[in-house]
1. Any chance you could give the angle, 0 to 90 degrees and rounded to 10, that helix 378-390 forms with the longest Cα principal axis of the chain?
2. So if I take the alpha carbon set of segment 280-393, get Rg, then get Rh from the Kirkwood formula, what is the Rg over Rh ratio?
3. With only alpha-carbon atoms counted, please give the Rg and Dmax of the chain, in Å.
4. With a 1.4 Å probe and all protein chains kept in place, how do H52, H8, H272 rank by accessible area, largest first?
5. Could you list, in their original order, any pairs among K121/K173; K173/K363; K121/K166; K152/K326 whose Cα atoms are separated by more than 30 Å?
6. Net charge around N275, counting only other residues with Cβ within less than 15 Å of its Cβ (Lys, Arg = +1; Asp, Glu = -1)?
7. Would segment 204-340 count as rounded, prolate or oblate if I go by the C-alpha gyration tensor, calling it rounded below 1.5 in a/c and otherwise prolate when a/b exceeds b/c, oblate otherwise?
8. Just add up the charged neighbours of S336: K/R +1, D/E -1, any other residue whose Cβ is under 11 Å from the Cβ of S336.
Amino acid sequence: MPEATVQHAPPTPPLVALSEDEILFRDNIRQFADENIRPLSREMDEKGVFDHGLIEQFFQLGLMGIEIPEQFGGGAGTFFEAILAVEELSRVDASAGVIVDVQNTLVNNALLRWTTEDQKKRYLPKMAAGTVGAYALSEASSGSDAFALTTKAELKGSEYVLNGQKLWITNAKEAGVFILFATVDPAAGYKGITGFIVDKEAPGFTVGKKEDKLGIRASSTCELILEDCKVPKENVIGEVGKGYKIAIETLNEGRIGIGAQMVGVARGAWEHALNYARERKQFGKPISEFQAVQFQLAQMGTEIEAARLMVYNAARMKDAGMNFVKEAAMAKLFSSQVAERVCSLAVEIYGGYGFTRDYPVEKYFRDCKIGKIYEGTSNMQLATIAKIVLSGK
Ligand SMILES: Cc1cc2nc3c(=O)[nH]c(=O)nc-3n(C[C@H](O)[C@H](O)[C@H](O)COP(=O)(O)OP(=O)(O)OC[C@H]3O[C@@H](n4cnc5c(N)ncnc54)[C@H](O)[C@@H]3O)c2cc1C
């Protein structure tokens, strides 16, 4: 009798398994971040300014146009690769992470998904080759309630005339292009919101005050002032009055990037804590020999692993064309909680030294806080998750 052969489907790879290309991509960024960003990180934080030469290097390395197709000069990579880049950069410097994150997961993503061929031709090559982008939704009185924005856009001939102010805009100091949301009809509520591509040189457009912040100090956060700012009609993104959809859907993707930033920050702090625990001696032995410290380090590592699995899963779901809204909100919510716990414990493991600016962990502790605030506060993530789970989806 011939032996029966059993056909096994190839095993599904684990979530953390990376392709050869992804490993190479990640390792190159890790090395670049360790060698080029780490030496500048402390000074950039103190001055509150990101090194311009590093941004140029981000462009040269293809980090500012990861998903942009080759025909427009980009890397033709995946969203997952953008997530890997944000994680690796944030492990060394959270400001570096958010600059690359906003460029890829918000600005380029919106341009790739919602623009016309003509707009793609005009903007994508720039974004891949030297123009930093910013994403301008928030205003002084509309944060969580983003669609209460009041910046007005009025059509006059072939141009829209924009008036109002934006607040908290990441990358604003360095940016040449802004994805900006304004309302064409305040009485229509969210149905008046429209997306625009605004060039830095647009008449009536000014970058205002830069915020002096607790963390991610080297990343610029500024107000934008629009005073009869003229934007050609051709720069409307998507349909007039449908900007709310662009804003929501872009932020859904962006949240996975913030999750990756928080995983990177947590990893950076944890690695410092591991090294320090091996070196620091008390009671005649390294503190890593005390079980209490070992357990703290083990707990930190476990939480980072869980957060990373959630971020990677959400990113892979996005690349697979699946609905990832719940998973993205969960990944951001949880990663920012993990980052806060891990960075706080890292300060404690350093003892008094951890509380000073002479050692790196206090910066991680300051940098992690933003993860619970931008691209939707933790409460807003919980609201999204609750709505989905209660609807039975
Ligand atoms: C460093 C930094 C960078 C930023 N970058 C950008 C950017 O590039 N582009 C951009 O458009 N915006 C950006 N933002 C803005 C950011 O997205 C908002 O700060 C955030 O959405 C929260 O809005 P808010 O600050 O107005 O807080 P509020 O909305 O006033 O919230 C205050 C508190 O109330 C809670 N709250 C509000 N409403 C509810 C509710 N319905 N249920 C339960 N709790 C609620 C919140 O969770 C929060 O704890 C940035 C902010 C910072 C600090």
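The values are calculated or read from the model by the stated rules, or taken from the named source; none is laboratory data. Quantities reported herein were computed from a predicted structural model and do not represent experimental measurements. We place every Cβ from the backbone using ideal geometry, glycine too, and count neighbours over all the protein chains shown. Surface accessibility is based on the protein's heavy atoms, side chains included, excluding ligands, DNA and RNA. Shrake-Rupley method; radii C 1.70, N 1.55, O 1.52, S 1.80 Å.
1. 90 degrees
2. 1.10
3. Spelled out, the Cα radius of gyration and Dmax of the chain are 22.1, 86 Å.
4. H8, H52, H272
5. From K121/K173; K173/K363; K121/K166; K152/K326, over 30 Å: K152/K326.
6. Numbers: positive: R38, R91, R267, R278, R280, K281; negative: D34, E271, E279, E289.
Net local charge, N275 excluded: +2.
7. Numbers: a/c = 4.85, a/b = 1.87, b/c = 2.59.
It comes out oblate by the Cα gyration axes.
8. Value of the local net charge: +3.
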